[in-house]
Amino acid sequence: MGQKKIKGKCAALLKNVLKTLLPSALTDFARRIEYATRRKTFFLALNREGRRARALIRENVELVGDFSAALNEMFFDYPRTYPSELYINSYKKKNVALIKSASDNFSENVPILLCVVKNDFEKVKAQVDYHRRLGIKHFAYVDNISTDGVFEWLMGQDDVSLFRTDEKFNDLVKEAWRKQAADALGYGKWYLLLDPDEFFIYPGIEGKPLSEYIEFLESREIKSIPALMVDMYSKEGLFKSISGNFVKDYCFFDTDTYVHKRREGFHYTYNGPRWRLFKNDDMLMRPGLTKYPLIWLEKSTVMSTHKNHPTKLNFQTTGPAAFLLHYKFLPDEKSKYDEYAKGGIDSMAGREYRQMAKMCSLNPELSFYYKDSQKLDNSMDLMKINIIDKKFFKDFFAYSAR
């Protein structure tokens, strides 16, 4: 066994021992100290990853100089997952082409919904319809060579700016695509960063419109909001339909299985129904469920999957202050996830897909629905989730009632 693998196993063993022996608060504190130490070493270019990242940024300073500080932070957060060259090389290619611009001029205080899509026709149509009702006036989609008709449908929507790229997907390259789209759409404005299976919501949204929510954020000088990804499910088994309307069918969620911690660099939320259903003795599955979808985007900002950089943007509330209704287990998607489990997608979630495929093959009748499932009748039901920032919403309700 190589020296690097031995060090990695020893470090993992030490972390497990400390986690067992120390109170959780002390463990979190120790993790933050470790993170801060490693980060300082990286930024001072005292380790290999730090030296390589600094050299890469220097070589491309004319291209990435406006957001080099945030890029440095992102390279530190993902040094072992993806090489830093992936992002810069993708951004350098300028391979995201603007196919058409939305036809109208839009208000600066209404967010642009920005999303990367590949073959999610039904979800994208439902997503556009839902967010139009919320007041979104400008949608921007980066299409990754879809073949199911979604590209052609988006072409026909007057309020959609449509981009396209044929580059191979992975999590980090996706963020370079979004950066290129933002370069074309402009900065110094609000963006709503979503995946096709995510619908933005917050308690009270029926009577307190998105423009008022943003006005409240601006009054508090909040520029980035952490949201909990709420896995939505039906009473039936996974990947099963009832009426054909997934928003209507997938109307249940967990309220007390989520765990939230302030982690190094961002709010970290995990567990939820996927943990409840897919964990076993071999692997404790803990999907990361925090995203920062609503953000006042500057040119100095770099977007990434579960946090934005610079990381100072990620701690402007004490916990989740919005939600993403997450429709992940819809009919006809099992084959896609089986392909992902076999390596059909270059993603940090590969291990999660392998575990899901294994458990579903052992029991095809698996269902998220259980005795404590909560039905979503209106947005205020989300206040029952155990980890939300209740003070944030108390202040928001008081602000909107003034």
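Since every read-out is calculated from the coordinates, none of them should be taken as a lab result. Remember, it's a predicted structure, so these values are computed and weren't measured experimentally. Reconstructed Cβ throughout: ideal geometry from the backbone, glycine too, with neighbour counts over all protein chains shown.
In table form, for the structure just shown:
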| quantity | calculated |
| --- | --- |
| Helical contribution to [θ] at 222 nm, DSSP H n ≥ 4, -39,500 (n - 2.57), averaged over the chain, rounded to 500 | -12000 deg cm²/dmol |
| Net charge, residue 314 excluded, C-beta distance under 12 Å - Lys, Arg +1, Asp, Glu -1 | +3 |
| Full-stretch length increase - residue 245, residue 371 - with 0.36 nm per residue and alpha-carbon distance subtracted | 43.0 nm |
| Relative contact order (percent, whole number), the chain, Cα cutoff 8 Å, 6+ residue spacing | 18 percent |
| Correct option for Rg/Rh (Cα atoms, Kirkwood Rh) [calculated from the coordinates] among (1) 1.01; (2) 1.31; (3) 0.94 | (3) |
| Förster radius 51 Å - calculated FRET efficiency between residue 276 and residue 40, Cβ distance, rounded to 0.05 | 0.85 |
| Cross-link pairs beyond the 29 Å C-alpha cut-off, checked among 312/394; 279/307; 92/125; 137/307; 189/384; 123/391 | 92/125; 189/384; 123/391 |
| Cut-off under 5 Å, modelled amide H: who pairs with residue 258 long-range | 272, 386 |
| Where labels lie 7 Å past Cα in the beta-carbon direction, separation of residue 27 and residue 394 in nm | 3.0 nm |
| Counted charge near residue 150, where neighbours are those whose Cβ lies closer than 11 Å (Asp, Glu -1; Lys, Arg +1) | -2 |
